[in-house]
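The structure under discussion appears below in the form of structure tokens.
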Amino acid sequence: MLPLKYIKAWKVLGYALVVTLIILSIIPTRDLNRVLFVGSDKVIHFLYYGILMIWFGQTHDENHYISLAWKFVALGLALEIVQHLLPVRTFDVFDFFADALGVLAGYGFAMYNKGTLFLSIERFIFKNPITSPENPDS
């Protein structure tokens, strides 16, 4: 992972995404049931978990990607089990599959990108030149 100037902010925002996911997973769904098309909730699961994996892939060294992926898959399963225990939610194995596939896609992006996305965003927003760890003058 390349050095991020605002790593703490990126991590705080990432954890806020996780907290938001947990809250959205346990609140009653009557307001969330307005779907765009059949199966759109699966697309949302796929995208959210993919974004989480990509996000944390930007803030962690690639040595941690497998561990992160397993943690997000476990989180998806745990939240489905919690939903099963709640009177206002239900367990849906296809939601879990969408979560896991999103993590897999995010993992692929993270491996390809290797942490340069947030570095590029910092450079664009704050006009900081990207420096290579091997050559600080580049």
Do you know which residues across the stretch 105-127 are free of Cβ contacts under 8 Å to residues at least 40 places away in the same chain and of a type in the set (A, V, I, L, M)?
-> ILE121, ILE125
Within the stretch 110-134, count every residue that is out of contact with any helix residue (DSSP H, G or I) (no Cβ under 9 Å at 6 or more places or on another chain), surrounded by 14 or more Cβ atoms within 10 Å (Cβ to Cβ) and at pLDDT below 85.
-> 1
Hits in the stretch 90-107 - residues which are part of a helix (DSSP H, G or I) and either surrounded by 15 or more Cβ atoms within 10 Å (Cβ to Cβ) or touching a Gly at 6+ places or on another chain (Cβ under 6 Å) (or both) | ASP95, PHE96, ALA98, ASP99, ALA100, LEU101, GLY102, VAL103, LEU104, ALA105, GLY106, TYR107
TRP70: passes all of (1) among the hydrophobic types (A, V, I, L, M, F, W, C); (2) surrounded by fewer than 20 Cβ atoms within 10 Å (Cβ to Cβ); (3) touching a residue at least 60 places away in the same chain (Cβ under 8 Å) but (3)
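The values are calculated or read from the model by the stated rules, or taken from the named source; none is laboratory data. Model, not experiment: these values are computed from the prediction. Cβ atoms come from the backbone with ideal geometry, glycine included; neighbour counts cover every protein chain shown.
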